[in-house]
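Report on the following structure.
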Amino acid sequence: PQTILTATGKTTFVLGVSCIEFIVNITASLLLMKVIGLPGIAAGTIIAYCTEKIIYIAYLHKNKMKMSTYIPLKHFFIYTFLLIIAFIIFTI
């Protein structure tokens, strides 16, 4: 989604979302670090990354661009599922 937004000249929006991601990353990482230790930092980063992507996808959807036009959804969901499983296996 960043590529599409940058190509359409929405760089100020991308910067704003990046600032939000940074704040969410620090906040979630610090809070989760207190609860589950070092894996909490990784979990906080994942939360921030997902937050960023959800904001971009929602913005593009609002502007009549469906997610399926720029992401192969089948592969996206398979790899996301595998990433979550790998995170759970290697942190527990």
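The values are calculated or read from the model by the stated rules, or taken from the named source; none is laboratory data. If you're wondering where the values come from, they're calculated on a predicted model, not measured in any experiment. Cβ sites come from the backbone with ideal geometry, for glycine too, and all protein chains shown count toward neighbours. For the accessible areas, the whole protein counts, side chains as well, though only heavy atoms, and no ligand, DNA or RNA atoms are used. Shrake-Rupley method; radii C 1.70, N 1.55, O 1.52, S 1.80 Å.
For a label point 7 Å from the Cα of Thr91 along Cα→C-beta, name the residues of the stretch 11-35 whose backbone N is under 20 Å from it.
Under cut-off, by backbone N: 21-35.
In what sequence, highest mean first, do 40-52, 9-21 appear when ranked by Cβ atoms within 10 angstrom?
Working: 40-52: 17.2, 9-21: 13.5.
The peptides rank, most packed first, as 40-52, 9-21.
Provide, for the chain, the number of lysine pairs with alpha carbons under 26 Å apart, each pair being eight or more places apart or on different chains.
12
Give me, ordered by chain and number, the residues 5 or more places off Ile71 or on other chains with an amide H under 5 Å from its own placed amide H.
none
Tell me the per residue accessible area of the chain using a 1.4 Å probe; a whole number in Å² is fine.
Numbers: 6680 Å² over 92 residues.
Normalised by residue count, the accessible surface of the chain is 73 Å².
Probe radius 1.4 Å, ligands and nucleic acids ignored: give me the carbon and sulfur share of the accessible area of the chain as a rounded percent.
Roughly 77 percent, rounded to a whole number.
For Thr11 and Asn63 in the same chain, what is the full-extension length gain: residue separation times 0.36 nm, less their Cα-Cα distance, in nm?
Values: separation 52, 0.36 × 52 = 18.72 nm, distance 1.57 nm.
Taking 0.36 nm per residue and subtracting the Cα distance, the gain is 17.2 nm.
I need the phi-derived Karplus couplings for the stretch 23-35: 6.51 cos²θ - 1.76 cosθ + 1.60, θ = phi - 60°, integer Hz, Gly and Pro marked x.
5, 4, 4, 5, 4, 5, 5, 5, 5, 6, 5, 5, 8
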